[in-house]
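Chemist: Input: one structure, supplied below.
The values are calculated or read from the model by the stated rules, or taken from the named source; none is laboratory data. What you see is a predicted model; the values in this text were computed from it and never measured. Cβ placement follows ideal geometry from the backbone for every residue including glycine, while neighbour counts extend to all protein chains displayed. Remember, those area values only see protein heavy atoms, side chains included, never the ligands or the DNA or RNA. Shrake-Rupley method; radii C 1.70, N 1.55, O 1.52, S 1.80 Å.
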Amino acid sequence: MRHPRAFQACLLGILGVTCPAIIGCADRSSGLDAVGDASYSSAADSGNHERHDAGSNPEFDASAAGATDADITPELDATTGGPADADIAPVLDATTGGPADADIAPVLDATAGGPADADIAPVLDATAGGPTDADIAPALDATTGGPIDAGSPRDGGPQPDPGRPLPLIEVDCSGCSTPATIAVEKSGAPLLWSPTSNIPADMSSVIVGNTVSLTDAARRYFMLTTDDVDGITGLDLAVPWAFVYADERIAEWQNLQEMRFLNYDRIFRSIPTWIARLTRLRVLILDGNNFTGEPPNLAALTSLEHLSMAANELDGPVPAWIFGLPHLKHLSLEANDFSGGIPPSIRQLGEIESLSLAGNALTGEIPNDLWSLTTLRRLALSHNALSGSLSPDVSHLTELEVLALHRSGLSGDIPGTLGELTKLQTLTLSNNHLTGTIPDSLGGLLSLKHLALQNNALTGHLPATLSQLTQLETLTIEDNTLASTIPPEFGRLTRLRRMDLSRTGLSGNIPEALGALTELEVLRLRGNHLTGEIPASLGSLQGLRFLELADNQLSGSIPREIGQLHALVHLDLSGNNLAGVVPSQLSRLVNLERLTLAGLSQPHYEEGAFLGLYRLRRLDLAITLDAISLARIIHDLYANRANYDISIERNLALNAGPQLDAGTCTELRSLLEDYNWVVRPSYSTFCAN
């Protein structure tokens with residue numbers, strides 16, 4: 001399969017998923033972001049000018065400015081899912097519902113690059129563990145289709161009672177690494193849960209209501225039998241890391257309305273055809289099952305409101321029978337291998353609210369019929385091979401809250417009519433072939449929280465009208481060819497958590513007004529033509545974790561106010577015209593892991609500048625240093641030794657410099673031999689012995 005399971009997670013966040021009644025929500029962070037897509041993130045950033053999604057959070061090599069260790073610049077949280085860093089990325093949080101209201105049934109989105117709702121579709125890596133051996137998966141009886149000796153464990157336990165019927169459901173949780181549950185929603189008489197082996201006679205410790213908890217390897221096999229099937233309305237068989245066998249007789253449960261199915265051991269290679277007999281189903285979730293081939297015809301399920309077949313290996317054209325489901329509100333087919341075009345018959349989905357076809361191999365232009373689906377609130381077509389431009393008729397989708405079209409293959413201009421979608425909260429058009437200017441009309445999207453336009457060929461100015469987007473949390477426009485300054489009005493975007501304007505051709509000064517963005521956690525302006533001094537007002541950004549101003553033409557000295565950024569993890573000021581004092585206030589950056597000051601002109605390091613930086617893992621000082629400054633740096637690093645985690649490699653990059661005195665050489669040798677520091681160039685460059 002072409003798509004990692006994490007892809008499903010990344011779209012859930014951007015679409016703002018909620019859960020049907022029986023399908024409870026569990027927290028599973030994917031580390032992906034919703035306005036980019038971490039699962040498809042490029043590993044490169046500035047130095048090699050390779051494109052990257054908002055979802056990627058590249059690390060920069062101290063010497064090459066290329067991407068390096070992912071562990072140094074952690075991806076910011078995807079409980080937001082947008083451009084990048086897992087803790088910052090704008091994923092529409094599945095717990096809060098993001099842009100989606102709680103009354104909306106879940107759509108397993110898959111595009112954005114957002115966090116996935118693990119609660120809805122647990123993505124199980126078939127290679128990561130869990131029961132997969134033949135001794136766990138039962139042989140299927142050729143006559144009945146059920147498991148042979150289903151009533152007994154496969155490890156030699158007691159044989160089944162010949163008088164007892166075969167189980168409808170059997171769960172083997174011997175591979176479960178964490179507690180898991182299966183659940184049945186039922187009215188009337190209680191269900192009968194039958195243990196088969198290694199289960200205490202008193203089941204009260206295991207069963208709560210209609211839920212069986214599987215908490216350890218000793219409690220292995222549970223079988224569900226019941227004579228009263230008419231009252232069963234919901235069934236959740238998505239048990240992470242467990243083997244679940246569901247017998248075809250479940251198709252007799254004619255009142256079943258919600259079903260979630262997980263085929264972890266791939267007993268079923270394709271979607272079971274008996275599902276088509278459950279004609280009262282309203283919710284059907286078949287995500288992460290490794291199902292292959294074309295889906296069977298489920299046109300008989302005319303009551304379906306929510307259908308998700310995400311993160312499988314399904315192929316062929318998008319099934320035509322889907323568009324005949326009269327009440328469908330939520331459709332998710334992302335992260336499969338569907339091909340061909342988007343059929344014009346899509347217009348038949350007159351009640352659709354959420355639609356995700358992302359992460360497939362769809363081609364052709366977006367049919368105009370799609371713009372007639374005026375009930376749509378979420379649309380995700382990203383990660384396909386579409387062609388053509390985005391039609392101005394997109395403005396007909398006046399209820400739209402999420403529009404995820406990144407990496408979809410689109411070209412042409414961004415239509416100005418997008419500014420009419422006043423309910424839009426997430427707009428991702430990144431990694432396409434878009435040209436022309438950024439429309440001023442986007443300033444009318446007053447509900448917008450996430451805007452991703454990076455990695456296109458956009459030109460012109462950076463509209464000051466974007467300063468009207470006072471709800472905006474992420475703004476990523478990097479890797480375009482603008483000719484603009486940074487509008488001082490951007491200081492009004494006080495909810496911004498991430499702004500990336502790297503490599504966009506910006507010039508002029510960094511506005512002092514950016515110091516008002518007190519919620520900002522990521523500020524990346526590298527690779528532009530910015531001039532003037534670093535504004536002292538940036539010291540007011542108390543929550544800032546990533547500050548990258550590298551490869552500009554900034555001058556002056558490093559402001560002492562930088563020392564107020566106590567949350568800072570990554571600081572890159574390299575490749576500028578900075579000079580003068582490196583202030584001792586840097587020692588207050590107690591969370592700093594990477595510091596890049598390469599290219600400073602004739603710097604003077606104040607004593608204690610690096611004292612207390614225990615978390616520092618990469619220090620790039622590839623500049624000309626005098627013997628006093630170099631000795632002060634090594635002394636500070638040596639003074640921190642008692643707090644180093646020696647399991648972590650730390651890197652110090654220097655230029656060839658003066659010979660050091662014997663005492664300083666002793667400290668340097670100890671850093672290398674005892675505290676896992678690596679110096680470049682080698683020790684012998686600075687010390688004779």
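Chemist: Hey, Phe686 hits all of (1) within 19 Å of Gly608 (Cβ to Cβ); (2) surrounded by 14 or more Cβ atoms within 10 Å (Cβ to Cβ) but one; which does it fall short on?
Modeler: (1)
Chemist: Further, regarding this structure: I need the full set of residues from segment 485-533 which are of a type in the set (D, E, K, R) and in a loop (DSSP other than H, G, I, E, B), in order please.
Modeler: Our first condition is that a residue be of a type in the set (D, E, K, R); within segment 485-533, this holds for 489, 492, 495, 497-498, 500, 503, 512, 519, 521, 524, 526, 533.
Arg495, Arg497, Arg503, Glu519, Glu521, Arg526, listed by residue number.
Chemist: Could you say whether any residue in segment 574-594 is closer than 16 Å to Leu668 by Cα and out of contact with any strand residue (DSSP E or B) (no Cβ under 6 Å at 6 or more places or on another chain)?
Modeler: No, that holds for no residue.
Chemist: Does at least one position in segment 334-349 carry a residue that is over 30 Å from Glu399 (Cβ atoms) and either β-branched (Val, Ile, Thr) or in a loop (DSSP other than H, G, I, E, B) (or both)?
Modeler: For segment 334-349, residues over 30 Å from Glu399 (Cβ atoms) and either β-branched (Val, Ile, Thr) or in a loop (DSSP other than H, G, I, E, B) (or both): absent.
Chemist: Another one. Look at segment 417-449 and say how many of its residues are of a type outside the set (Val, Ile, Thr) and open to solvent by 40 Å² or more (accessible area, probe 1.4 Å).
Modeler: Total meeting the criteria: 8.
Chemist: Before we move on, is Gln602 touching a strand residue (DSSP E or B) at 6+ places or on another chain (Cβ under 9 Å) and within 23 Å of Ser555 (Cα to Cα)?
Modeler: When the stated conditions are applied, Gln602 passes them.
Chemist: Residues being open to solvent by 10 Å² or more (accessible area, probe 1.4 Å), farther than 19 Å from Ile562 by Cβ and among the polar types (S, T, N, Q): count how many of those fall in segment 493-519.
Modeler: 2
Chemist: Select from segment 520-542 the residues that are free of Cβ contacts under 8 Å to residues at least 40 places away in the same chain and within 26 Å of the chain's Cα centre (by Cα) and write down the one among them that is most open to solvent (accessible area, probe 1.4 Å).
Modeler: Residue satisfying both the conditions and the ranking: Gln542.
Chemist: Of all the residues that make up segment 350-387, how many are aliphatic (A, V, I, L, M), in a loop (DSSP other than H, G, I, E, B) and open to solvent by less than 10 Å² (accessible area, probe 1.4 Å)?
Modeler: The qualifying residues number 6.
Chemist: Return the total of residues in segment 556-605 being assigned to a loop (DSSP other than H, G, I, E, B), touching a Lys or Arg at 6+ places or on another chain (Cβ under 7 Å) and among the small types (Gly, Ala, Ser).
Modeler: Qualifying residue count, segment 556-605: 1.
Chemist: Another question, then. How many residues are open to solvent by 20 Å² or more (accessible area, probe 1.4 Å) and of a type in the set (S, T, N, Q) when one looks only at segment 628-669?
Modeler: Residues flagged as open to solvent by 20 Å² or more (accessible area, probe 1.4 Å) and of a type in the set (S, T, N, Q) within segment 628-669 amount to 6.
Chemist: Starting from segment 233-260, keep only residues that are closer than 17 Å to Leu307 by Cα and open to solvent by 20 Å² or more (accessible area, probe 1.4 Å), then list their pairs with residues that are modelled with pLDDT of 80 or more and assigned to a strand (DSSP E or B) whose Cβ atoms are within a distance under 9 Å, requiring at least 6 positions of separation or different chains.
Modeler: Sorted first by the residue in segment 233-260, then by its partner, the pairs are Thr233/Glu258; Gln257/Val283.
Chemist: Taking Arg680 as the residue in question, decide whether it is among the basic types (Lys, Arg) and more than 33 Å from the chain's Cα centre (by Cα).
Modeler: Judged against the criteria, Arg680 is a match.
Chemist: Name the residue, out of Leu472, Leu466, Leu424, that is hydrophobic (A, V, I, L, M, F, W, C), over 23 Å from Leu386 (Cβ atoms) and either part of a loop (DSSP other than H, G, I, E, B) or modelled with pLDDT under 95 (or both).
Modeler: Only one candidate qualifies: Leu472.
Chemist: Please list, ordered by first then second residue, the pairs with beta carbon atoms under 9 Å, 6 or more apart or interchain, first in segment 362-388 and farther than 16 Å from Leu429 by Cβ, second open to solvent by less than 20 Å² (accessible area, probe 1.4 Å) and of a type in the set (Lys, Arg).
Modeler: Filtered contacts from segment 362-388: no entries.
Chemist: Additional query: Which residues, counting only those in segment 325-348, are in contact with a Phe, Trp or Tyr (Cβ under 8 Å, 6 or more places away or on another chain) and crowded, with 24+ Cβ neighbours inside 10 Å?
Modeler: Once the filter is applied, which keeps residues that are in contact with a Phe, Trp or Tyr (Cβ under 8 Å, 6 or more places away or on another chain) and crowded, with 24+ Cβ neighbours inside 10 Å, segment 325-348 yields Glu334, Ala335.
Chemist: Within segment 642-656, can you find the residues that are of a type in the set (S, T, N, Q) and either touching a Ser or Thr at 6+ places or on another chain (Cβ under 8 Å) or in a strand (DSSP E or B) (or both)?
Modeler: Asn651, Asn655
Chemist: Restricted to segment 268-324, and to residues that are open to solvent by 40 Å² or more (accessible area, probe 1.4 Å) and of a type in the set (Val, Ile, Thr), which residue is farthest from Ala358 (Cα to Cα)?
Modeler: Across segment 268-324, the extreme among qualifying residues is Thr279.
Chemist: Among the candidates Leu355, Leu328, single out the residue that is in contact (Cβ under 8 Å) with a residue 60 or more places away in the chain and hydrophobic (A, V, I, L, M, F, W, C).
Modeler: Exactly one residue qualifies, and that residue is Leu355.
Chemist: What number of residues within segment 462-490 satisfy the criterion of being farther than 16 Å from Leu525 by Cα and either open to solvent by 10 Å² or more (accessible area, probe 1.4 Å) or of a type in the set (S, T, N, Q) (or both)?
Modeler: Total meeting the criteria: 8.
Chemist: Another one. Output the qualifying pairs, or none if there are none: Cβ atoms under 6 angstrom, residues six or more apart or on different chains, first residue in segment 548-566 and open to solvent by less than 30 Å² (accessible area, probe 1.4 Å), second residue in a loop (DSSP other than H, G, I, E, B) and of a type in the set (S, T, N, Q).
Modeler: Hits for this filter: Ala550/Ser574; Asn552/Asn528; Asn552/Asn576; Leu554/Asn576.
Chemist: Across segment 317-364, what is the number of residues that are of a type in the set (Val, Ile, Thr) and out of contact with any Ser or Thr (no Cβ under 8 Å at 6 or more places or on another chain)? Show your work before the answer.
Modeler: Of segment 317-364, the ones of a type in the set (Val, Ile, Thr) are 318, 322, 342, 346, 352, 363.
With the extra rule that they be out of contact with any Ser or Thr (no Cβ under 8 Å at 6 or more places or on another chain), the set shrinks to 318, 322, 342, 346.
Number of matching residues: 4.
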